[in-house]
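K.L.:
Below is the structure I would like to discuss, written out as structure tokens.
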Amino acid sequence: LENARFMEQFYTKKGSFKLTSTKWPELPVKEAGGFCIRMNGQAKGILEGKFTLKAVALDREAEPRVLRLNESLTAVVCGKMKVKGSCTDGEEIFKGNDAECRPFTG
């Protein structure tokens, strides 16, 4: 939630969730509770006023599901990540879509 609060504060100051039309701002929390956290998808092409954060387990074999949180603080858990990506690939975002998603109720 700290990253979601950061994004809301960023929007209040800048009037956009994006740093530039093609780049997201750097998130303050990149890892928590055995998960790495990144923006989902490139900033370019995402509608203004929208963002999705994605948390992926550091150990994908032990926890293959992913958690997504959007600008409305709607959380969904997805059973499969349809793209190759890991917490150690050096990327700033997660690319691709997820499958078998449902609302996360904690």
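K.L.:
Could you tell me which numbered condition Glu92 fails, if it satisfies all but one of (1) touching a residue at least 24 places away in the same chain (Cβ under 8 Å); (2) farther than 19 Å from Glu2 by Cβ?
P.N.:
So the condition that Glu92 fails would be (2).
K.L.:
Collect the residues in region 64-89 that are farther than 18 Å from Ala4 by Cβ and either at pLDDT below 85 or in contact with a Phe, Trp or Tyr (Cβ under 8 Å, 6 or more places away or on another chain) (or both), keeping them in residue-number order. Walk me through how you get there before you give the answer.
P.N.:
We begin by selecting, within region 64-89, every residue farther than 18 Å from Ala4 by Cβ; these are 64-65, 79-89.
Result: Lys80, Met81, Lys82, Val83, Lys84, Gly85, Ser86, Cys87, Thr88, Asp89.
K.L.:
Among what's in region 12-25 and is of a type outside the set (Lys, Arg) and in contact (Cβ under 8 Å) with a residue 24 or more places away in the chain, pick the residue that is farthest from Ser72 (Cα to Cα). Give the derivation first.
P.N.:
First, pick out the residues of region 12-25 that are of a type outside the set (Lys, Arg): 12, 15-17, 19-22, 24-25.
Applying the additional criterion that residues be in contact (Cβ under 8 Å) with a residue 24 or more places away in the chain yields 16-17, 19, 24.
On the way: Ser16: 14, Phe17: 13, Leu19: 19, Trp24: 17 Å.
Going through the qualifying residues, I end up with Leu19.
K.L.:
Here's another thing I want to ask about it. Which ones in region 6-36 are charged (D, E, K, R) and surrounded by fewer than 17 Cβ atoms within 10 Å (Cβ to Cβ)?
P.N.:
Answer for region 6-36, where residues must be charged (D, E, K, R) and surrounded by fewer than 17 Cβ atoms within 10 Å (Cβ to Cβ): Glu8, Lys13, Lys14, Lys23, Glu26, Lys30, Glu31.
K.L.:
Using the structure shown, decide if Ser86 is under 15 Å from the mean Cα position of the chain (by Cα), more than 18 Å from Trp24 (Cβ to Cβ), of a type in the set (S, T, N, Q) and not in a strand (DSSP E or B). If you could, list the steps in order and put the result at the bottom.
P.N.:
Numbers: under 15 Å from the mean Cα position of the chain (by Cα): yes; more than 18 Å from Trp24 (Cβ to Cβ): yes; of a type in the set (S, T, N, Q): yes; not in a strand (DSSP E or B): yes.
So Ser86 passes the test.
The values are calculated or read from the model by the stated rules, or taken from the named source; none is laboratory data. Predicted model, so just to flag it, every value in this text is computed and none were measured. Cβ sites come from the backbone with ideal geometry, for glycine too, and all protein chains shown count toward neighbours.
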